[in-house]
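Participant: I have a structure here, written as structure tokens, and I will follow up with some questions on it.
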Amino acid sequence: MFTKILDGKKISNEIKVAIKKKVHKRLTLGKRPPGLAVILIGNNPASEIYIKKKQISCNMVGFVSKCWRFSKNVQENKIINLINILNNNPTIDGILVQLPIPKHINTNNIFKSITPNKDVDGFHPYNIGCLCQKTPRLRPCTPWGIITMLQYYNINIRGLHAVIIGASNIVGRPMNLELLLSGCTTTVIHRFTKNIPYFVKQADLIVIAIGHKNFLKGEWIKPGAIVIDVGINRLKNGEIVGDVEFKSVISHVSYITPVPGGVGPMTVAVLLQNTLKACIEYN
Ligand code: GUN
């Protein structure tokens, strides 16, 4: 069967070029550049890499990006105080607190303290609520990046049965809302689901985000299904792989995203888009 590997890196670069042009135009009109504030708590090595990628991309498109770093023992109120200051800073359009954060800090309190107009992660209950009620504002980056990628390739997903593997707040749950909005019939499966292959076999579109290398097997896939791999797993030899057993899956699918170079770059591109949108429309 003809198989197509969806190239997130290419689309992400095109999106960044378009954003750079819009920023340039703003500057020629005497307007300020969009500003992104990043907050990093602790020293998670993966978070360091992600943040670096986000900052490099910000520089590329002409955004101002600033990073605040805190030790893993920092108190929640110190983070919330900083967020309050950034909420009121007119040069900052987006505030991003890199996850995961230490367990003694309540993630929901952190996301609720970011003003919805600067919530470029789209995790504030107000923004999630708007997505849920079919009136999206700032949308969670990974799910919206996946939809953007499918749109770029003109892949029509309306009416497909989408099975989402993983029910996290960052990917699985907002992915479910995005796919519903795109006209899919959705099933979300998770760690307590019995007989996962039974559900996967019924899927026209599979989105997997569980952080478990080689989890999704070729024999579970309905021929011609679309497979979106959100997993990022680092092997002992330093290689990065997704959640899909690529070797056995590829011959069964119509489209598949690679890791690296699939969903990851789309997430960063959409974060930039969200920041520009927040700058133009909300701040
Ligand atoms: N960690 C992994 N993915 C994400 C994301 O989309 N946003 C934030 N803030 N942290 C993350």
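The values are calculated or read from the model by the stated rules, or taken from the named source; none is laboratory data. All of these numbers come straight from a predicted model, not from anything done at the bench. For neighbour counting, all protein chains shown are included, and Cβ atoms are generated from backbone atoms with ideal geometry for every residue, glycine included.
Participant: Please verify whether the stretch 141-151 includes one or more residues that are farther than 17 Å from residue 270 by Cα and either polar (S, T, N, Q) or not in a strand (DSSP E or B) (or both).
Facilitator: no
Participant: Taking the stretch 106-122, which residues are charged (D, E, K, R), near the ligand (Cβ under 10 Å from one of its atoms) and surrounded by fewer than 20 Cβ atoms within 10 Å (Cβ to Cβ)?
Facilitator: none
Participant: Taking residue 155 as the residue in question, decide whether it is within 23 Å of residue 232 (Cβ to Cβ) and surrounded by fewer than 18 Cβ atoms within 10 Å (Cβ to Cβ). Even if it seems obvious, please write down each step before you answer.
Facilitator: Details: within 23 Å of residue 232 (Cβ to Cβ): yes; surrounded by fewer than 18 Cβ atoms within 10 Å (Cβ to Cβ): yes.
Answer is yes for this residue.
Participant: Given the conditions (1) exposed (fewer than 15 other Cβ atoms within 10 Å of the Cβ); (2) more than 13 Å from the ligand (Cβ to nearest atom); (3) not aliphatic (A, V, I, L, M), and given that residue 57 satisfies all but one, which numbered condition is not satisfied?
Facilitator: Every listed condition holds for residue 57 apart from (1).
Participant: What pairs come out if I take residues in the stretch 231-242 that are free of Cβ contacts under 8 Å to residues at least 60 places away in the same chain and pair them with residues that are of a type in the set (Asp, Glu) and not in a loop (DSSP other than H, G, I, E, B) whose C-beta lies under 7 Å away, six or more apart or interchain?
Facilitator: Here the result reads 242/229, each pair linking the stretch 231-242 to a residue that is of a type in the set (Asp, Glu) and not in a loop (DSSP other than H, G, I, E, B).
Participant: Same structure again: Taking the options 100, 125, name whichever one is under 24 Å from residue 54 (Cα atoms), free of Cβ contacts under 8 Å to residues at least 24 places away in the same chain and within 16 Å of the ligand (Cβ to nearest atom). Break it down stepwise before answering.
Facilitator: Details: 100 fails: free of Cβ contacts under 8 Å to residues at least 24 places away in the same chain.
Going through 100, 125 in turn, just one is under 24 Å from residue 54 (Cα atoms), free of Cβ contacts under 8 Å to residues at least 24 places away in the same chain and within 16 Å of the ligand (Cβ to nearest atom): 125.
Participant: Any idea how many residues of the stretch 64-90 are under 21 Å from the mean Cα position of the chain (by Cα) and more than 16 Å from the ligand (Cβ to nearest atom)?
Facilitator: 1
Participant: Among the numbered criteria (1) within 30 Å of residue 17 (Cβ to Cβ); (2) part of a helix (DSSP H, G or I), which single criterion is violated by residue 81?
Facilitator: With respect to (1) within 30 Å of residue 17 (Cβ to Cβ); (2) part of a helix (DSSP H, G or I), residue 81 is out only on (1).
Participant: Continuing with the same structure: Count, please, the residues in the stretch 166-181 that happen to be surrounded by fewer than 23 Cβ atoms within 10 Å (Cβ to Cβ) and either under 17 Å from residue 100 (Cβ atoms) or within 12 Å of the ligand (Cβ to nearest atom) (or both).
Facilitator: Within the stretch 166-181, residues that are surrounded by fewer than 23 Cβ atoms within 10 Å (Cβ to Cβ) and either under 17 Å from residue 100 (Cβ atoms) or within 12 Å of the ligand (Cβ to nearest atom) (or both) number 6.
Participant: Applying the selection to the stretch 124-151, what residues are β-branched (Val, Ile, Thr) and surrounded by fewer than 24 Cβ atoms within 10 Å (Cβ to Cβ)?
Facilitator: The answer is 128, 135, 147, 148.
Participant: Let me ask another. Identify, please: which residue in the stretch 213-230 is without any contact (Cβ under 8 Å) to a residue 40 or more places away in the chain, part of a loop (DSSP other than H, G, I, E, B) and under 22 Å from the mean Cα position of the chain (by Cα) and is, among those, surrounded by the fewest Cβ atoms within 10 Å (Cβ to Cβ)?
Facilitator: So the residue we want is 214.
Participant: Follow-up. Taking the stated definitions as given, is residue 93 within 11 Å of the ligand (Cβ to nearest atom), modelled with pLDDT of 95 or more and charged (D, E, K, R)?
Facilitator: no
Participant: Can you go through 141, 132 and tell me which one is away from the ligand (no atom under 14 Å from the Cβ), closer than 30 Å to residue 204 by Cβ and out of contact with any strand residue (DSSP E or B) (no Cβ under 7 Å at 6 or more places or on another chain)? Even if it seems obvious, please write down each step before you answer.
Facilitator: Details: 141 fails: away from the ligand (no atom under 14 Å from the Cβ).
Exactly one of 141, 132 is away from the ligand (no atom under 14 Å from the Cβ), closer than 30 Å to residue 204 by Cβ and out of contact with any strand residue (DSSP E or B) (no Cβ under 7 Å at 6 or more places or on another chain), namely 132.
Participant: From the set of residues in the stretch 158-167 that are aliphatic (A, V, I, L, M) and touching an Asp or Glu at 6+ places or on another chain (Cβ under 8 Å), which is nearest to residue 193 (Cα to Cα)?
Facilitator: Initially, the stretch 158-167 is screened for residues aliphatic (A, V, I, L, M), giving 160, 162-165, 167.
With touching an Asp or Glu at 6+ places or on another chain (Cβ under 8 Å) added as a condition, the list becomes 160, 162, 165.
Details: 160: 21, 162: 16, 165: 10 Å.
Checked the stretch 158-167; the qualifying residue nearest to residue 193 (Cα to Cα) is 165.
Participant: For the stretch 21-54, how many residues meet the condition of being touching a strand residue (DSSP E or B) at 6+ places or on another chain (Cβ under 9 Å), surrounded by fewer than 19 Cβ atoms within 10 Å (Cβ to Cβ), closer than 30 Å to residue 235 by Cβ and among the charged types (D, E, K, R)?
Facilitator: Total meeting the criteria: 1.
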